[in-house]
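Engineer: I have a structure here, written as structure tokens, and I will follow up with some questions on it.
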2 protein chains.
Amino acid sequence: MNESRTVKVALLGAGSVGSQVARLLLEQSEAFAQRAGARLELVGIAVRNVDAARDVDLPTELFTTDAERLILGADFVIELMGGIHPALELVTLALASGADVVTANKALLAHHGPELFEIAERVGAQLYYEAAVGGAIPIIRPLRENLAGDRIERVLGIVNGTTNYILDRMHTEKDTLEESLRIATDLGYAEADPTADIEGFDAQQKAAILASIAFHTEVPVTTVSREGITGISAGQIADAERGGHVVKLLAICERVTDPDTGIEAVSARVHPTLVPADHPLASVHGGNNAIFVESAAAGPLMFYGAGAGGVQTASAVLGDLVSAARRHVAGGPGLGESMDADLPIVAPEQVSTRYQIALDVADEPGVLAQVAQQFAEHNVSVATAEQSVATDGGHAVLVIGTHTATEGALQQLVQALAETSAVKRVTGVLRVLGEGVRA
Amino acid sequence: MNESRTVKVALLGAGSVGSQVARLLLEQSEAFAQRAGARLELVGIAVRNVDAARDVDLPTELFTTDAERLILGADFVIELMGGIHPALELVTLALASGADVVTANKALLAHHGPELFEIAERVGAQLYYEAAVGGAIPIIRPLRENLAGDRIERVLGIVNGTTNYILDRMHTEKDTLEESLRIATDLGYAEADPTADIEGFDAQQKAAILASIAFHTEVPVTTVSREGITGISAGQIADAERGGHVVKLLAICERVTDPDTGIEAVSARVHPTLVPADHPLASVHGGNNAIFVESAAAGPLMFYGAGAGGVQTASAVLGDLVSAARRHVAGGPGLGESMDADLPIVAPEQVSTRYQIALDVADEPGVLAQVAQQFAEHNVSVATAEQSVATDGGHAVLVIGTHTATEGALQQLVQALAETSAVKRVTGVLRVLGEGVRA
């Protein structure tokens with residue numbers, strides 16, 4: 001390899017990840033040059049405001065507000081601005097100009113991945129995005145390459161560190177959701193506006209990306225059903241523990257076979273899930289992420305680590321960059337996306353799983369019969385029922401565990417329960433991690 | 001991509017892994033063709049005895065004893081024979097003929113990796129070996145590509161399922177080593193001759209491979225120090241638990257910096273290790289494998305799954321094959337090995353860690369003073385000492401935990417202790433997992 005060769009790297013964005021990428025590119029340039037077979041020269045950093053305060057001290061002459069010009073002079077473009085605009089336009093420009101692009105932008109990929117991959121393939125450029133899911137955890141490349149010869153059945157991910165931190169505190173410290181969120185915000189785990197995390201939008205985008213790769217099928221983010229953690233109460237956490245479970249916000253991507261027709265489809269969804277306490281995902285604490293993959297031949301695999309953080313995410317970005325540069329220097333193209341399976345996507349109401357439904361009911365005879373009747377009418381089979389009198393008297397708490405039922409049947413049942421005279425309130429519905437859905 | 005294109009695949013070996021690879025290549029040929037952009041045609045399977053019984057029913061016309069001829073007609077050669085000869089000669093022939101090679105042969109790589117990589121680079125062929133370490137667990141590619149832009153500090157691996165199964169049973173079932181080994185043999189976890197596993201030779205080869213990749217440095221297997229599990233007693237397991245530890249056979253690969261000169265070096269070793277019970281590696285049960293990687297930017301990462309098994313290992317082999325074929329069809333070369341850091345390797349006696357030393361001593365006054373004097377003379381600092389009278393009376397058990405000391409000092413100390421009149425016997429020495437060695 002010819003180490004006197006240089007490749008030009010443009011960086012878009014200098015936030016918490018971007019500033020760490022720039023620092024490491026400058027500090028580790030010797031090591032990277034040896035590994036890539038070429039010097040990786042950081043030719044500039046495009047930002048909105050050249051004079052803004054940065055986490056890291058970087059040479060001021062690198063900064064520019066002219067992103068287009070920077071891109072057109074680069075072999076590699078690293079996009080770390082986040083958001084859709086102007087990231088979409090700039091990544092499009094970079095690919096169209098023949099530059100390879102490394103990005104950590106999950107929103108961009110979840111919403112515009114297919115069109116970007118098409119541009120990349122047309123011009124022979126590469127789009128790398130290991131950092132978009134799971135921060136520092138290797139998951140995109142293992143799914144695309146290591147498991148390329150296997151049949152992935154299911155991907156279960158704790159892919160949002162903020163919500164895992166909040167739920168973990170609710171279990172370990174017995175905090176309420178509000179207290180836990182406040183502490184997460186104080187410690188910098190949650191942003192000032194936590195909506196994207198706690199309502200599950202962030203996990204939804206990551207689920208779309210994971211499902212697309214795992215099942216070789218375009219899974220638009222709009223087809224991923226989503227429920228955040230804002231409905232989770234301290235009581236539900238306590239109930240979960242009593243039942244030997246832990247509540248986790250999971251991104252669930254499954255291959256589903258219709259038992260009648262044998263037709264395969266894909267389901268991707270995000271919701272709080274009761275995970276058995278002895279499942280490896282149950283012991284993922286704090287702000288960590290983990291992705292659990294079940295394949296036909298490999299069996300269960302788990303990938304665990306820091307799911308966010310500037311320097312951690314920078315590791316994934318630089319792994320893509322050094323690998324890409326090595327390939328670039330060696331002269332060959334990389335890997336196209338393989339979306340050839342093109343499976344149908346399961347409608348959310350067709351997904352089946354087990355549920356745990358908590359009800360506030362009147363403390364009087366005949367209530368269980370009334371409730372059980374509703375379950376029977378909606379074709380949802382009761383597996384367990386546990387009734388306890390509330391401490392303030394006058395009403396009782398009824399927790400019902402179901403056998404497998406479809407989401408559609410569940411929704412109708414919940415509505416019917418809410419209208420049942422003996423039921424004061426449906427206080428919670430949780431889905432239970434099972435052996436995979438069979439819609 | 002042109003799916004009418006065909007690449008020819010030769011398979012060497014039809015044992016537990018090879019027969020599963022052949023089966024999946026035949027069964028999944030449609031899916032693989034879509035993903036790779038070319039049909040992967042299994043053109044033949046070279047075996048010693050065409051008529052031997054196989055795990056899987058395969059077309060008899062595929063079998064041949066003429067491996068050389070099969071290789072010379074193939075684009076890809078999958079070597080799953082194991083052992084050094086004739087695997088070395090056949091892989092050399094395959095690479096020299098320009099074929100890409102996929103292998104799961106850890107012995108071959110640990111002993112002859114550098115010469116094979118050199119041949120591959122010279123002719124522009126690729127050598128893939130994801131299956132050589134950790135079975136189905138993606139670890140080679142994550143280390144080579146995902147972490148290519150990071151600085152790996154330490155790799156800790158439970159890389160041998162047989163010994164993990166045995167040690168796990170000793171903890172959970174309170175079995176002796178002999179009982180546990182017998183059950184492992186009955187269940188097929190251990191081979192009839194278990195030497196390679198229980199004496200740590202298998203883990204030693206894997207440690208050499210992991211250290212070479214992690215530190216971009218050739219680490220010959222002969223430089224990897226090795227201690228198996230045959231010395232582990234039920235008493236040590238009980239002591240470990242009392243101290244909040246679990247005994248695991250670890251492959252430890254570390255970057256070490258001399259505090260005086262600042263010179264970096266590499267240490268790779270295999271030995272039973274006291275792992276804190278709350279460390280992620282402590283909860284790796286049964287025959288599973290896990291690899292824990294600590295990097296400067298990414299922080300701790302863990303990769304977990306089935307470390308062995310025919311079909312599981314086949315998943316890793318086929319992942320390499322499909323990725324390689326995709327790259328082959330796209331027309332470009334793959335990745336050369338990067339051994340450019342070329343760090344020195346730490347001599348075993350220079351490695352420092354903490355130790356736990358168990359002694360049978362006379363039950364009389366002044367014993368602790370005599371023993372402590374030996375520690376002081378050998379410059380090994382005592383952190384904890386716990387003495388208990390043996391149930392059969394007449395002697396006592398003294399367990400001493402040390403601060404960090406070099407392996408060289410430890411060995412001399414142990415010899416001196418054995419010659420100390422108050423010491424009846426040195427019953428065990430265990431190394432304690434710490435924050436990394438600083439030789």
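The values are calculated or read from the model by the stated rules, or taken from the named source; none is laboratory data. These numbers were taken from a predicted model, which means no experiment stands behind them. Neighbour counts run over all protein chains shown; Cβ positions are idealised from the backbone, glycine included.
Engineer: Taking region A:292-311 as the region of interest, how many residues are under 17 Å from the mean Cα position of the chain (by Cα) and of a type in the set (V, I, T)?
Structural biologist: 1
Engineer: Restricting to region B:267-292, name every residue that is farther than 26 Å from B:L25 by Cα, of a type in the set (S, T, N, Q) and either at the interface with another protein chain (Cβ under 10 Å from one of its Cβ atoms) or in contact with a Cys (Cβ under 8 Å, 6 or more places away or on another chain) (or both).
Structural biologist: Passing the criteria: B:S267, B:S283.
Engineer: Condition check: assigned by TED's automatic domain parsing to the domain that holds B:Q20, of a type in the set (A, V, I, L, M, F, W, C) and more than 15 Å from the chain's Cα centre (by Cα). Does B:L321 satisfy that?
Structural biologist: Taking the combined requirement at face value, the residue satisfies it.
Engineer: Among the listed residues B:A148, B:A107, B:A132, which satisfies the condition of being out of contact with any Asp or Glu (no Cβ under 8 Å at 6 or more places or on another chain) and away from chain A (no Cβ under 14 Å)?
Structural biologist: Criteria check complete, one pass: B:A107.
Engineer: Let me ask another. How many residues does region A:2-25 contain that are within 10 Å of chain B (Cβ to nearest Cβ), surrounded by fewer than 17 Cβ atoms within 10 Å (Cβ to Cβ) and out of contact with any strand residue (DSSP E or B) (no Cβ under 9 Å at 6 or more places or on another chain)?
Structural biologist: 0
Engineer: When region B:185-217 is examined, which residues are found to be in contact with a Lys or Arg (Cβ under 7 Å, 6 or more places away or on another chain) and among the β-branched types (V, I, T)?
Structural biologist: B:I209, B:I213
Engineer: Could you check, for region B:114-125, whether at least one of its residues is aliphatic (A, V, I, L, M) and under 30 Å from B:M302 (Cβ atoms)?
Structural biologist: yes
Engineer: Going through region A:396-413 one residue at a time, which ones are closer than 14 Å to A:T384 by Cα and not in a strand (DSSP E or B)?
Structural biologist: Of everything in region A:396-413, those that are closer than 14 Å to A:T384 by Cα and not in a strand (DSSP E or B) turn out to be A:H403, A:T404.
Engineer: Based on what the data block shows, is A:R269 outside the structural domain of A:A148 (by TED's automatic domain parsing) and either surrounded by fewer than 24 Cβ atoms within 10 Å (Cβ to Cβ) or farther than 20 Å from B:E145 by Cβ (or both)?
Structural biologist: When the stated conditions are applied, A:R269 does not pass them.
Engineer: Out of everything in region A:123-167 that is of a type in the set (A, V, I, L, M) and part of a loop (DSSP other than H, G, I, E, B), what residue ends up being modelled with the lowest pLDDT?
Structural biologist: This residue is A:A125.
Engineer: Looking only at region A:36-46, decide whether some residue is over 27 Å from the mean Cα position of the chain (by Cα) and either in a helix (DSSP H, G or I) or assigned by TED's automatic domain parsing to the domain that holds A:L210 (or both).
Structural biologist: Yes: one or more hits.
Engineer: Looking only at region B:83-122, which residues are within 20 Å of the chain's Cα centre (by Cα), surrounded by 17 or more Cβ atoms within 10 Å (Cβ to Cβ) and outside any helix (DSSP H, G or I)?
Structural biologist: Hits for region B:83-122 are B:V102, B:T103, B:A104, B:N105.
Engineer: Based on this model, can you work out whether A:T391 counts as modelled with pLDDT under 90, farther than 29 Å from A:L250 by Cβ, not in a strand (DSSP E or B) and not assigned by TED's automatic domain parsing to the domain that holds A:G243?
Structural biologist: Yes; evaluated as a whole, the condition is true for this residue.
Engineer: Could you grab me the full set of residues in region B:164-211 that are free of Cβ contacts under 8 Å to residues at least 24 places away in the same chain and among the small types (G, A, S)?
Structural biologist: Of everything in region B:164-211, those that are free of Cβ contacts under 8 Å to residues at least 24 places away in the same chain and among the small types (G, A, S) turn out to be B:S180, B:A184, B:G188, B:A192, B:A196.
Residue by residue, here is whether (1) assigned by TED's automatic domain parsing to the domain that holds B:S323; (2) farther than 22 Å from B:E218 by Cβ; (3) not acidic (D, E) holds:
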| position | (1), (2), (3) |
| --- | --- |
| B:T92 | yes, no, yes |
| B:A104 | yes, no, yes |
| B:E115 | yes, no, no |
| B:R122 | yes, no, yes |
| B:E145 | no, no, no |
| B:V155 | no, no, yes |
| B:M170 | no, yes, yes |
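Engineer: Can you tell me which residue within region B:155-174, out of those that are out of contact with any helix residue (DSSP H, G or I) (no Cβ under 7 Å at 6 or more places or on another chain) and within 14 Å of chain A (Cβ to nearest Cβ), is surrounded by the fewest Cβ atoms within 10 Å (Cβ to Cβ)?
Structural biologist: B:T172
Engineer: Scan region A:293-334 for residues that are surrounded by 24 or more Cβ atoms within 10 Å (Cβ to Cβ), outside any helix (DSSP H, G or I), more than 7 Å from chain B (Cβ to nearest Cβ) and at pLDDT 95 or above and jot them down.
Structural biologist: Within region A:293-334, just A:V293 meets the criteria.
Engineer: Just checking, does region B:172-191 include any residue being in contact with a Ser or Thr (Cβ under 7 Å, 6 or more places away or on another chain) and under 30 Å from A:E30 (Cβ atoms)?
Structural biologist: Among the residues of region B:172-191, not one is in contact with a Ser or Thr (Cβ under 7 Å, 6 or more places away or on another chain) and under 30 Å from A:E30 (Cβ atoms), which makes the answer no.
Engineer: For region A:26-45, give me each residue that is surrounded by 22 or more Cβ atoms within 10 Å (Cβ to Cβ), within 11 Å of chain B (Cβ to nearest Cβ) and at pLDDT 95 or above.
Structural biologist: The answer is A:L40, and nothing else.
Engineer: Another question, then. In the set B:S267, B:S225, which member is touching a Lys or Arg at 6+ places or on another chain (Cβ under 6 Å), of a type in the set (S, T, N, Q) and farther than 27 Å from A:D278 by Cβ?
Structural biologist: B:S225
Engineer: Now for a different question. Could you list all residues from region B:175-230 that are part of a loop (DSSP other than H, G, I, E, B), touching a strand residue (DSSP E or B) at 6+ places or on another chain (Cβ under 7 Å) and surrounded by fewer than 23 Cβ atoms within 10 Å (Cβ to Cβ)?
Structural biologist: Listed by number, the residues that qualify are B:T217, B:E227.
Engineer: Yes or no: region A:68-80 includes at least one residue that is acidic (D, E) and within 14 Å of another protein chain (Cβ to nearest Cβ).
Structural biologist: Looking through region A:68-80, none of the residues is acidic (D, E) and within 14 Å of another protein chain (Cβ to nearest Cβ).
Engineer: Conditions: (1) crowded, with 24+ Cβ neighbours inside 10 Å; (2) touching a strand residue (DSSP E or B) at 6+ places or on another chain (Cβ under 9 Å); (3) aliphatic (A, V, I, L, M); (4) more than 14 Å from chain B (Cβ to nearest Cβ). A:I139 meets all but one. Number of the miss?
Structural biologist: A:I139 satisfies every listed condition except (4).
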